[in-house]
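First up is the structure itself, then whatever we jot down about it.
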Amino acid sequence: MSNLEISYSECQRNLVVKLAGAADMSQANMLRNQLETLVLGGKRNLILDLEDLEFICSLGLGAMIHLHTLCRKLGGNLGILNPQPQVRKVFKTTCLDQLFLIGNNQE
Amino acid sequence: MPRNSFEKIEIVSVFPQAKQVEDLIVEQAEKLGYSEEDIFALRLSLEEALTNAIRHGNGQDPQKKVKIRYRARPEEVEIYIADEGNGFDPSLVPDPTREDKLECPSGRGIMLMRAYMDLLEYNARGNEVHLVKQRLS
């Protein structure tokens, strides 16, 4: 299982954050801290592209929930794009598909 | 390793050592031909159990140990993970899927293990979790 790689691009008013690898116990804090800095710096509309994210645990989910709450508090939003089937199942199992807007590129 | 014996590992309460244990057990399940779905479930549950032991059980105190016993067999993978904490009552952990808990950033580990494993049980003190993953096919 590879480490978490994070890359960025802009799309209209959104910052698209592409995650690749694993959002696991050793990477969740780094994810949370990096993106929190960006949100507090003014990037309040995030899209997390999970097409290349192979694994997520509850700490990774917790980081995303924290960022979602922070974006909302600052008047922005956080959406999820293209999760792989196993990762999408984790969102569904935890009912977080009710909290996050989850879509595919085709939608 | 004899087929029915448990392998024993002891680690300090730091995530890099926990990841090594996780990788080791997952690798054995992969060698036994478990499906991708089973491997994901096993990795996720190990991740949750080890995180709970390190963070909540041992309070991330590197002086405190986490003890792991496991055996990987063609029909099932069985794991015990014990910490040095006071234990807890898992029945008191609120359901994280409740509407009023959805925005809480923590508290999903036990429900994920319960959803992805075939057996999840704690000892009476609540400082050791027992996990079993049966082969899906």
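Values in this text are rule-based calculations from the coordinates and carry no lab data. All values derive from a computational prediction rather than experimental measurement. When we count neighbours, we look across all protein chains shown, and the Cβ atoms used for this are built from the backbone with ideal geometry, even at glycine.
What to note about this one:
- Residue count for region B:29-43, restricted to those that are charged (D, E, K, R), crowded, with 17+ Cβ neighbours inside 10 Å and facing chain A (nearest Cβ under 9 Å): 1
- Failed criterion for A:LEU19 (all others in (1) more than 12 Å from chain B (Cβ to nearest Cβ); (2) surrounded by fewer than 18 Cβ atoms within 10 Å (Cβ to Cβ) hold): (2)
- Of all residues making up region B:9-28, the number that are more than 9 Å from every other protein chain (Cβ to nearest Cβ), of a type in the set (D, E, K, R) and either under 19 Å from B:ALA115 (Cβ atoms) or assigned to a strand (DSSP E or B) (or both): 1
- For the residues B:LEU131, B:LEU102, B:LEU46, the requirement of being within 14 Å of chain A (Cβ to nearest Cβ) and closer than 19 Å to B:ALA18 by Cα singles out B:LEU46.
- For region B:93-123, residues that are touching a residue at least 24 places away in the same chain (Cβ under 8 Å), assigned to a loop (DSSP other than H, G, I, E, B) and among the aliphatic types (A, V, I, L, M) total 1.
- Looking only at region B:49-73, and only at residues there that are facing chain A (nearest Cβ under 9 Å) and surrounded by 24 or more Cβ atoms within 10 Å (Cβ to Cβ), the one that is nearest to B:VAL132 (Cα to Cα): B:LEU50
- Residues (surrounded by 23 or more Cβ atoms within 10 Å (Cβ to Cβ), of a type outside the set (Val, Ile, Thr) and either at the interface with another protein chain (Cβ under 9 Å from one of its Cβ atoms) or within 16 Å of A:TYR8 (Cα to Cα) (or both)) located in region A:51-62: A:LEU53, A:CYS57, A:SER58, A:LEU59, A:LEU61
- For region B:8-28, the set of residues classified as of a type in the set (Asp, Glu) and either surrounded by 14 or more Cβ atoms within 10 Å (Cβ to Cβ) or without any contact (Cβ under 8 Å) to a residue 12 or more places away in the chain (or both) consists of B:GLU22, B:ASP23, B:GLU27, listed by residue number.
- A single entry from A:GLN27, A:GLN86, A:GLN12, A:GLN98 fulfils the requirement of being over 26 Å from B:GLU99 (Cβ atoms), of a type in the set (S, T, N, Q) and surrounded by fewer than 19 Cβ atoms within 10 Å (Cβ to Cβ): A:GLN12.
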